[in-house]
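Colleague: What follows is a single structure, and I will ask about it in a moment.
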Amino acid sequence: MSNLKKTMEVDLNGLTLKNPIITASGTYGFGREYAELIDLNELGGIAVKGLTKEERKGNEGRRLVETPMGLINSVGLQNPGVKSFIENEIPFLRQFDLKIIANINGNTIEEYCEMARILDQEDVDSIELNISCPNVKNGGLAFGTDSEMVARVVTCVRAATGKHLIVKLSPNVTDIKPIALAAEKSGADCLSLVNTFSGMAIDIHNRKPFLKRGIGGVSGPAIKPMALKMTYDAVKSVNIPVIGMGGISTYEDAIEFILAGAHAVAIGTANFYNPEAPLTIKKGIESYMNQYNIQDINELIGNLDT
Amino acid sequence: MSNLKKTMEVDLNGLTLKNPIITASGTYGFGREYAELIDLNELGGIAVKGLTKEERKGNEGRRLVETPMGLINSVGLQNPGVKSFIENEIPFLRQFDLKIIANINGNTIEEYCEMARILDQEDVDSIELNISCPNVKNGGLAFGTDSEMVARVVTCVRAATGKHLIVKLSPNVTDIKPIALAAEKSGADCLSLVNTFSGMAIDIHNRKPFLKRGIGGVSGPAIKPMALKMTYDAVKSVNIPVIGMGGISTYEDAIEFILAGAHAVAIGTANFYNPEAPLTIKKGIESYMNQYNIQDINELIGNLDT
Amino acid sequence: MFLGVVKVICSKALSEDIFEVRVERPKELAHIQPGQFFMLTANAYLLKRPISVSDFTSTQIVFTIREVGEGTKSLIDLPEIQIMGPLGHGFEVTKAHNVLLIGGGIGVAPLLPIAKKCKENQSKIYSTLGFRGEPVMEEVFDSISDFLGIVSETSNKYENGYVTSLADLVLRLNEIEMIYACGPKKMMAEVAKLSEKYEVPAQLLLEEKMACGIGACLGCTCKTKEGAFGFKHSKVCKDGPMFWASEVIFDV
Amino acid sequence: MFLGVVKVICSKALSEDIFEVRVERPKELAHIQPGQFFMLTANAYLLKRPISVSDFTSTQIVFTIREVGEGTKSLIDLPEIQIMGPLGHGFEVTKAHNVLLIGGGIGVAPLLPIAKKCKENQSKIYSTLGFRGEPVMEEVFDSISDFLGIVSETSNKYENGYVTSLADLVLRLNEIEMIYACGPKKMMAEVAKLSEKYEVPAQLLLEEKMACGIGACLGCTCKTKEGAFGFKHSKVCKDGPMFWASEVIFDV
Ligand SMILES: Cc1cc2nc3c(=O)[nH]c(=O)nc-3n(C[C@H](O)[C@H](O)[C@H](O)COP(=O)(O)OP(=O)(O)OC[C@H]3O[C@@H](n4cnc5c(N)ncnc54)[C@H](O)[C@@H]3O)c2cc1C
Ligand SMILES: Cc1cc2nc3c(=O)[nH]c(=O)nc-3n(C[C@H](O)[C@H](O)[C@H](O)COP(=O)(O)OP(=O)(O)OC[C@H]3O[C@@H](n4cnc5c(N)ncnc54)[C@H](O)[C@@H]3O)c2cc1C
Ligand SMILES: Cc1cc2nc3c(=O)[nH]c(=O)nc-3n(C[C@H](O)[C@H](O)[C@H](O)COP(=O)(O)O)c2cc1C
Ligand SMILES: Cc1cc2nc3c(=O)[nH]c(=O)nc-3n(C[C@H](O)[C@H](O)[C@H](O)COP(=O)(O)O)c2cc1C
Ligand code: FES
Ligand code: FES
């Protein structure tokens, strides 16, 4: 019985992944580098590095600080711009059997919409609206922490594209529920969360923050309990599927998010210290399904006894 | 020169600590247990276990889950009630040269005020208003995440007591600044933050949250970057002193909080895995002051080059 | 209370997943009571791990540790370990004529010191030990016990079954005056029933996840009776780990 | 790219805080270029640590590691290490007649493979190495160099001063065609000035905090020139760690 073919396929409300493993935006570049280490065909999808309309140089100075079981980054959306992505990266990624999720970022609502309009014509499978980046001055986080702003930007982007639309939420909020709901009501097909937590680290010998902008975004296992709680909250407040992430580094972590109701999981920081994480997590989920005789991963989603 | 007597004394706006080391509420009981391990006279102050008007049994079921560099707790304010504290614990603590901070918790604003009125007559040095406990159903967190509620409860408690008043803030908010400001304007003498982050952990083999209430409060090194950022934000938005905490376990951590502007620091979870933490942190601060030839710790507070 | 680093004298495997870690006993260490435990610092982890004393002399302390996760794994081959203790209220030593030990799995280990103490007091010792697979510490319990019964859930060298059934039999056939028990929660709940059924007091060594180990965090509580129908949360680390079967409320 | 666990053949101290860790070179490992590095898994930490190859044969790789924190400390006495690499663009090997090596502190280690390569190519090698205290790898650089100058900021067995002053002298007196340098940022900025002053191209091995080590996270960037006045952020791990002195913008 346990040798029957297991189904790992999940449907994110119009976007079908052959398995629930996604690599998180900003941690996987455009897949090129990790393609030398693992077979990208094993992934359900890739959320590419956050794109902006024009090329961005990103933040100056030191960009990374390691913290206990966490990482603070201040990359600041360095990327070649959406046009270069379309020309140079989509063809590369299309060689693989995975879904391409374009993570987009704007300084203004209009910029978000313009990017959505541009990508609407292109060969991407989904657009992930990042309204939760703590590492840029304008836009980013500001859009993601207020339900009204969320409604406005999502409504506008929804009008600009017929593509599958994921809205990526910030954990830096008092209550994720109204925000999740605003995104759903404004036309999101799916939510993803969490982005990084705002955090800080100080160089006590130079008496300066390590990062030029003072703050950065915290990711990694340290944030997992908070990310799981927020994913659980978001799932309970909407009827669209949710992609869970934040510190996932083992299959046990992934199962926790799936039991909390996530339809898919994204692996971010774990790729850095364990490039094989997406594969071992996928295998681990399979063996867990075997162990408990579960044929279809959909049986596990939200299957929590509370 | 570096052999001159260093000053570690800090003034928390009316509450003077001989050194900036406090033990955080709920992690140090009433000092009795740790008194067998370290000399409590070394501490600047102790924030005692969260008190309620009546005795509380606390939450049922498992109460602790370890997470990567963190701890989730769901104790639920088990305590003998404020009367028993007054009778049995104050006399014990008064044997030591440290400041007694009574951490109080209510289900209603009226309950907070009643406790403040009771303690106003007693031999405690400060009252810490906990409006940020995620582990109880009523009150707790709900009071601490909305500026208006904060203003109401702090105003009422301020009217009820002339004691030094600390307001303890929750990190589970979009923006700590308006909340810090509301507390200051309503009469707080001092702020303390952060309390624990809301978090969750799931037992994947039983498909249940480990904790009966589903969620708990996350503490420990994992939360340090976020706690530091919030402390920094709070300091910038008010003119009253701030007690910083959240994951402090080394003297370097403590210096980070002090440079971010905290007048004092509280040690919580670190006591569990390193009962000598308050002492080694104090010694570490001293040697840091020696290293940089700083006579008075007040020179370090907020001394950050940004 | 002792808090410090001690040298590991030797560490050896008793079975696939159970290890005996023998450390030097510091001179300044207080009297150890059977049933007490220490908090051991597991390097990769934040929290210390509570481990019972499974044997001791004036110069040594033995911990018998089952590897169930990364924390316990990290404890089994260190050159030195930071320990804190001895902690908690252990077993009450009685001058009973006949005592019954009921141990399940790794729970047999903390029974050895009380068995030795009872032996000193010339009690007759009935030991009933249950294991999932192969037993551990069989020899030492054999040498100390007047009666030794071992059951296993899977090994075909031993009678198969639960240890509480065997204990039931012993209780039915002998004038037992005191029960000492340590094992999984379900076993403990069964022992409490036996204690009630045969009206023999039972001392149970309970387990809970711990943070401080000394009574400060209130993280390790179990439910105990208060008044006729009430309950309270007692600290396993400080009020226990030994509780009388009659006090405990089992939510199983 | 190789990602896997390799055996440590031996690990020995070269000084108080510098250790040589020699590991088995896996057969499937690609060609190693002088100046390339590996990401080594430091157990207690989340992120891997970048460490240059400081020597290699067909069967071994040598890492020379300075203990500056817990991560590097954890690397120096493991029985086996997980490594990923070789990574980055290393030094460009040239057939220059005279090459100058400028190394500062632990930065001397990654210069050895390029020195050996230059030797093979019959270049004349001028080595200038600077240390804060006592030098390391003196013998091996002595055996390979046509000229070896060592300065130390504190040791009275050596000339006191900065390595860049010594390098300046060498550049003034000899027809150097290529500079290879590795050391602290300030030294590198000085080397870039020397390169400009003497119009001798310099290859610098830069350092930055890294997360992925392969070009995916954009965490390790340095500023390089783009166009006449512009700049861009280049990835030290992937575009470097070798950069031409003429490309780099130093914010010091
Ligand atoms: C007072 C007291 C005395 C103890 N004495 C001993 C002793 O003498 N010898 C000994 O080996 N252990 C003893 N324990 C239990 C021991 O403390 C735990 O097994 C240990 O803390 C687990 O840590 P870990 O990091 O290895 O496992 P974790 O990583 O915390 O857990 C790994 C897995 O094992 C499971 N698990 C955790 N604890 C247990 C357990 N106790 N039994 C079965 N499964 C578990 C978890 O659910 C998880 O699935 C004692 C506990 C207490 C409270
Ligand atoms: C491409 C590349 C190649 C490298 N090759 C080598 C090599 O061959 N040998 C080697 O020893 N190191 C090398 N390094 C540096 C090495 O990676 C770092 O020293 C290491 O990551 C520090 O980790 P840690 O955990 O020990 O220190 P941390 O805990 O991160 O830092 C501890 C303390 O040391 C300081 N510190 C951190 N890094 C350095 C540093 N590089 N120099 C001085 N102080 C520092 C920190 O500011 C902090 O105060 C290389 C780095 C790069 C990018
Ligand atoms: C270096 C780095 C860069 C990131 N860049 C982006 C980005 O461009 N767009 C985005 O939506 N999220 C970005 N993120 C957030 C991740 O996609 C993810 O939400 C977060 O890291 C939490 O997951 P993790 O703990 O598994 O890393 C970035 C994270 C890191 C660590
Ligand atoms: C077990 C436990 C119990 C706590 N109980 C209280 C409490 O009663 N009142 C309160 O204000 N904070 C309580 N806290 C929060 C701590 O005082 C502190 O704010 C938090 O743990 C962050 O600091 P840390 O990371 O150093 O532990 C508790 C924390 C823990 C871990
Ligand atoms: S473990 Fe802290 S009270 Fe028992
Ligand atoms: S370390 Fe990730 S891009 Fe260089």
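Colleague: Pairs, please: C-beta under 7 Å, at least 6 apart or cross-chain, first residue facing chain B (nearest Cβ under 9 Å) and in the stretch C:231-243, second assigned to a strand (DSSP E or B)?
Modeller: Every condition considered, the pairs that remain are C:Phe231/C:Lys223; C:Phe231/C:Thr224; C:Phe231/C:Lys225; C:Lys232/C:Thr224; C:Lys232/C:Glu226; C:His233/C:Thr221; C:His233/C:Lys223.
Colleague: What number of residues in the stretch C:130-151 are part of a helix (DSSP H, G or I) and either farther than 16 Å from C:Ser54 by Cβ or over 15 Å from the mean Cα position of the chain (by Cα) (or both)?
Modeller: The qualifying residues number 6.
Colleague: Suppose the filter is within 15 Å of the chain's Cα centre (by Cα) and within 7 Å of another protein chain (Cβ to nearest Cβ); does B:Val218 pass it?
Modeller: In short, yes.
Colleague: If you don't mind, there's one more thing I want to ask. Mind telling me which of the residues C:Ser195, C:Ser155, C:Ser165 ends up being modelled with pLDDT of 95 or more and either farther than 29 Å from C:Tyr45 by Cα or open to solvent by 10 Å² or more (accessible area, probe 1.4 Å) (or both)?
Modeller: Every option except C:Ser195 fails the conditions.
Colleague: Here's something else I'd like to know. Might you check whether a residue that is assigned to a helix (DSSP H, G or I) and surrounded by fewer than 20 Cβ atoms within 10 Å (Cβ to Cβ) occurs anywhere in the stretch D:235-248?
Modeller: no
Colleague: If we scan the stretch C:212-222, do we find a residue that is within 14 Å of chain B (Cβ to nearest Cβ), part of a strand (DSSP E or B), under 22 Å from the mean Cα position of the chain (by Cα) and free of Cβ contacts under 8 Å to residues at least 60 places away in the same chain?
Modeller: Within the stretch C:212-222, one or more residues are within 14 Å of chain B (Cβ to nearest Cβ), part of a strand (DSSP E or B), under 22 Å from the mean Cα position of the chain (by Cα) and free of Cβ contacts under 8 Å to residues at least 60 places away in the same chain.
Colleague: Then there's this: Go over the candidates D:Ala189, D:Ala216 one by one and state the one that is modelled with pLDDT of 95 or more, buried (at least 20 other Cβ atoms within 10 Å of the Cβ) and not acidic (Asp, Glu).
Modeller: Sole residue among the options that is modelled with pLDDT of 95 or more, buried (at least 20 other Cβ atoms within 10 Å of the Cβ) and not acidic (Asp, Glu): D:Ala216.
Colleague: Given the condition among the basic types (Lys, Arg) and more than 16 Å from the chain's Cα centre (by Cα), answer yes or no: does some residue in the stretch A:40-55 qualify?
Modeller: yes
Colleague: Now for a different question. For the subset of the stretch A:29-51 comprising residues that are away from chain D (no Cβ under 13 Å) and in contact with an Asp or Glu (Cβ under 8 Å, 6 or more places away or on another chain), which member is most open to solvent (accessible area, probe 1.4 Å)?
Modeller: Residue satisfying both the conditions and the ranking: A:Asn41.
Colleague: Just the residues that are open to solvent by 70 Å² or more (accessible area, probe 1.4 Å) and charged (D, E, K, R), please, taken from the stretch D:44-80.
Modeller: Correct list: D:Arg66, D:Glu70, D:Lys73, D:Asp77, D:Glu80.
Colleague: On the given criteria, is D:Phe38 touching a residue at least 12 places away in the same chain (Cβ under 8 Å) and open to solvent by 30 Å² or more (accessible area, probe 1.4 Å)?
Modeller: No; evaluated as a whole, the condition is false for this residue.
Colleague: State which residue is nearest to the other protein chains (Cβ to nearest Cβ) when the search covers only the stretch C:176-211 and only residues that are among the acidic types (Asp, Glu) and assigned to a helix (DSSP H, G or I).
Modeller: C:Glu190
Colleague: Looking at (1) surrounded by fewer than 24 Cβ atoms within 10 Å (Cβ to Cβ); (2) closer than 27 Å to A:Thr280 by Cβ; (3) touching a strand residue (DSSP E or B) at 6+ places or on another chain (Cβ under 9 Å), which one does A:Ser186 not meet, given that it meets all the others?
Modeller: For A:Ser186, the exception is condition (2).
Colleague: Can you pull out every residue in the stretch B:260-272 that is within 14 Å of chain C (Cβ to nearest Cβ) and in a loop (DSSP other than H, G, I, E, B)?
Modeller: Across the stretch B:260-272, the qualifying residues are B:Gly268, B:Thr269.
Colleague: From the residues in the stretch A:243-260 that are over 16 Å from the mean Cα position of the chain (by Cα) and open to solvent by less than 10 Å² (accessible area, probe 1.4 Å), which one is nearest to ligand 1 (Cβ to nearest atom)?
Modeller: It comes out as A:Ile255.
Colleague: Also, quick follow-up: Report, by residue number, each residue of the stretch C:82-104 that is more than 16 Å from ligand 5 (Cβ to nearest atom) and within 14 Å of chain B (Cβ to nearest Cβ).
Modeller: C:Gln82
Colleague: Could you tell me how many of the residues in the stretch B:177-195 are within 12 Å of chain A (Cβ to nearest Cβ) and over 16 Å from B:Leu129 (Cβ atoms)?
Modeller: Residues flagged as within 12 Å of chain A (Cβ to nearest Cβ) and over 16 Å from B:Leu129 (Cβ atoms) within the stretch B:177-195 amount to 1.
Colleague: If A:Asn138 meets every condition in (1) at pLDDT 95 or above; (2) surrounded by fewer than 19 Cβ atoms within 10 Å (Cβ to Cβ) apart from one, which number is that one?
Modeller: (1)
Colleague: Looking only at the stretch C:124-152, which residues are of a type in the set (Ser, Thr, Tyr) and either in contact with a helix residue (DSSP H, G or I) (Cβ under 9 Å, 6 or more places away or on another chain) or open to solvent by 10 Å² or more (accessible area, probe 1.4 Å) (or both)?
Modeller: Within the stretch C:124-152, C:Tyr126, C:Ser127, C:Thr128, C:Ser143, C:Ser145 meet the criteria.
Colleague: Scan the stretch A:273-306 residue by residue and report those that are within 14 Å of chain D (Cβ to nearest Cβ), open to solvent by 10 Å² or more (accessible area, probe 1.4 Å), in contact (Cβ under 8 Å) with a residue 40 or more places away in the chain and outside any loop (DSSP other than H, G, I, E, B).
Modeller: Passing the criteria: only A:Leu279.
Colleague: Another question, then. Which condition breaks for A:Lys212 when tested against (1) surrounded by fewer than 24 Cβ atoms within 10 Å (Cβ to Cβ); (2) modelled with pLDDT of 95 or more; (3) away from ligand 3 (no atom under 14 Å from the Cβ)?
Modeller: So A:Lys212 meets the others, but not (2).
Colleague: Separate question: Out of all the residues in the stretch B:65-123, which are away from ligand 2 (no atom under 16 Å from the Cβ), on the phi > 0 side of the Ramachandran plot and either surrounded by 18 or more Cβ atoms within 10 Å (Cβ to Cβ) or assigned to a helix (DSSP H, G or I) (or both)?
Modeller: B:Gly76, B:Leu77
Colleague: Of the residues D:Arg49, D:Arg66, only one is more than 16 Å from ligand 5 (Cβ to nearest atom) and within 14 Å of chain A (Cβ to nearest Cβ); which?
Modeller: Among D:Arg49, D:Arg66, only D:Arg49 is more than 16 Å from ligand 5 (Cβ to nearest atom) and within 14 Å of chain A (Cβ to nearest Cβ).
Colleague: Related question: Do we have D:Ser155 as closer than 20 Å to D:Lys95 by Cα, touching a residue at least 24 places away in the same chain (Cβ under 8 Å) and not aliphatic (A, V, I, L, M) here?
Modeller: No: the conditions fail for D:Ser155.
Colleague: Restricting to the stretch B:263-274, name every residue that is more than 22 Å from B:Ser192 (Cα to Cα) and of a type outside the set (S, T, N, Q).
Modeller: Within the stretch B:263-274, just B:Tyr273 meets the criteria.
The values are calculated or read from the model by the stated rules, or taken from the named source; none is laboratory data. Here the structure is a predicted model, which means the values were calculated and not measured. Note that we place each Cβ from the backbone using ideal geometry, even for glycine, and neighbour counts take in every protein chain shown. Just the protein is used for accessible areas: all its heavy atoms, side chains included, with ligands, DNA and RNA removed. Shrake-Rupley method; radii C 1.70, N 1.55, O 1.52, S 1.80 Å.
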